[in-house]
Amino acid sequence: MNEQHSKLKILSSLFWKLMERGGTQGIQFIVQIFLARLLLPKDYGLLSLIVFFLTIANVFVQSGFNTALIQKKDADEVDFSSVLYLSIFVAGILYVCLFISSPFIADFFKEPQLVPVLKVLSVTLFIGAFNSIQNAFVAKKMLFKKLFYSSLGASVASGTVGIIAAYLGWGVWALVGQQLTNQLCISIILWCTIKWRPKLLFSIERVKVLFKYGWKILVSVLIDTIYMNLRSLFIGKLYSPAMLGYYNRGKQFPELIVTNINGSIQSVMLPALASYQDNKKKVKDMMRRSIITSSFIMFPIMVGLAVTAEPMIRLLLTDKWLPAVPFLQIYCASFALWPIHTANLQAINALGHSNIFLRLEIIKKAIGLIILISSIPFGIYALAWGVVITGVISTFINAYPNLKLLNYSYREQIKDIIPSFCLSLIMGVLVYPINFLNIAVWEKLLLQILVGACIYIGASTLFKIESFVYLVTMMKTLIKGRRTKTN
């Protein structure tokens, strides 16, 4: 009975996390369409240059300790409050550093406009510090329904602010206003919907215990974040802000989808896996299910997005964004691998092996950096393809520890994803020729989506693909559980 209740709780949490990410990303997708039509690629490129430094700063503020709070079984009010005050203190130090260094950053990129934008947007460090603890509490208690309301409300409010500002001709400041509003609204709504409140408590001993686990996660995330943003830094320096805007726009579409679906699954899986960390067989079963299910969902979406890239960009963003098409297609290949990456890494974190996690990041980023530097002389597209090559190599590196930790071999993992992979490729091959039909762009895109969905779902039903059967069963179980709870 307890196991059944736990399963329903995990499924319910996954449902609300998917609703939260789906609703949020859906609204943001619509907002981005309006903003892309109103703003120039250069505006996005300028913001991307700033986001690089803010993202690095946010790693120190938000990463490591929040994961440690989730992983720690007996985390209490002292732990949460102590981490909050420490995070705000770190945010203050980093804000001062960014404020002082903003003229030097602007001079490096020869973009004076970056100075005031960076100073204003750096305020999100303080809001993000508070939000990260709220999110850790939500994940710890699996209260993802609360997160749904906050994220959805914040997306509507920030999207409205961004679109109005862009319409009024504020340029890059429209994007700044959107991000500030989003972070602030999430914080306010979570404050009103969850019971956790910071207490006047601080324990350096508790911080040390959490730091013992969390610092390795922090360093790992820092390495990953710097590496993931290095390409944008090189492109921003070697090419124009407009080209950086095309690059990041192409990356944004597949990244948005992956963050929505795979990110939702993994956000629920970390606390779920951590709760069974003493039962390795259970962890393996849950991890395997995560890989099979998320791959079944992600592979066809990434393949479909790649083959429909040109008509989609033409229809949604207009022809001025067509240079983003090749980057979109390249990143679809890269992000398709994320379900395998994240499932393996979440299992390692849940088992408490943050030292292994750190070693993996160092190895992967060393290889990735070599590929990055080697690709620079061959142009911007080579820089993008380097991400795919690194991703393939990283897939095997991430899976290696679980050969011993969970007895989950390479052969098993490949066997688990191969049906979805092959079916998705077949779907893509059959859908791609529709691009050559002499019909309106919207008709072409709609036809591709309908044909692709029919092929994939139809074949999954015909061949009784395990992932498809499981998803149908899961939805029935969730609906039945919700009805029972209501009655």
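We did not get these values from a lab; they are worked out from the coordinates using the rules stated. A quick note: this is a predicted structure, and the numbers were derived from the prediction, not measured. Cβ coordinates were reconstructed from backbone atoms using ideal geometry, including for glycine residues, and neighbour counts include every protein chain displayed.
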What is the Cα coordinate range of segment 106-235 on the first, second and third principal axes, sorted by size from largest, in whole angstrom?
47, 33, 25
Tyr410 versus Ile204: modelled label distance in nm, points set 7 Å from Cα along the beta carbon direction
4.8
Given pairs Lys282/Lys476; Lys216/Lys415; Lys72/Lys195; Lys141/Lys280; Lys119/Lys140; Lys251/Lys476 and cut-off 29 Å on Cα-Cα distance, the over-length ones are Lys216/Lys415; Lys119/Lys140; Lys251/Lys476
Divide by every residue of the chain the summed helix terms, -39500 (n - 2.57) for each DSSP H run of at least 4, and state the resulting mean residue ellipticity at 222 nm, rounded to the nearest 500 deg cm²/dmol.
-29500 deg cm²/dmol
Segment 302-326 and segment 49-127 have their Cα centres apart by a whole-number Å value of 34
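Less than 13 Å Cβ to Cβ from Ser354, Lys/Arg counted +1 and Asp/Glu -1: what total charge do the surrounding residues give? Don't skip to the answer; put the middle values down first.
On the way: positive: Lys72, Lys212, Lys216, Arg359; negative: Glu361.
Charge balance in the 13 Å sphere: +3.
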Sorted by average packing, counted as other Cβ atoms within 10 angstrom per residue and highest first, what order do 330-343, 193-206 take?
330-343, 193-206
Using the basic label-point model (7 angstrom from Cα toward the beta carbon), what is the Leu437 to Lys237 distance in nanometres?
4.7
Asp43: net charge of surrounding residues, Cβ under 14 Å, Lys/Arg +1, Asp/Glu -1, itself excluded?
+3
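If packing is taken as the average count of other Cβ atoms within 10 Å, what order do 75-83, 105-113, 126-134 fall into, highest mean first?
Values: 75-83: 19.1, 105-113: 14.9, 126-134: 21.8.
With the highest mean Cβ count within 10 Å placed first, the list reads 126-134, 75-83, 105-113.
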If you stretched the chain out fully between Leu403 and Ile457, how much longer would it get, using 0.36 nm times the residue separation minus the C-alpha to C-alpha distance?
16.2 nm
Where Rh is the Kirkwood radius over the Cα pairs of segment 43-97, the temperature 10 °C and the viscosity 1.306 mPa s, what D in µm²/s does Stokes-Einstein return?
126
How much space per residue, in cubic angstrom, does the convex hull of the C-alpha atoms of segment 377-441 take up?
138
Where in the chain are the DSSP H helices whose alpha-carbon span along the long axis reaches 27 Å or more and whose Kyte-Doolittle mean is at least 1.6?
77-109, 380-399
Mean 1/r over distinct Cα pairs of the chain, inverted to a Kirkwood Rh in Å, yields 23.6
What base-10 log of the normalised intensity I(q)/I(0) is obtained for segment 139-216 from the Debye formula, alpha carbons as equal point scatterers, at q = 0.13, 0.17, 0.21 Å⁻¹?
-0.61, -0.80, -0.91
Percentage, to the nearest whole number, of Cα pairs in segment 24-127 over 19 Å apart:
57
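Hey, what does the equivalent ellipsoid look like for segment 345-487, semi-axes from the Cα gyration tensor as sqrt of 5 times each eigenvalue, largest first, whole Å?
Values: eigenvalues 225, 177, 42 Å².
The three semi-axes for segment 345-487 are 34, 30, 14 Å.
Using 0.36 nm per residue of separation minus the Cα-Cα distance, give me the extension gain between Val123 and Ile100 in nm, one decimal.
Working: separation 23, 0.36 × 23 = 8.28 nm, distance 1.38 nm.
So the chain would gain 6.9 nm between Val123 and Ile100.
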Mind jotting down the distance between the C-alpha centroids of segment 184-213 and segment 333-386, whole Å?
30
Amide N of segment 370-403 lying under 17 Å from the label point, which is placed 7 angstrom from the Cα of Tyr470 along Cα→Cβ:
none
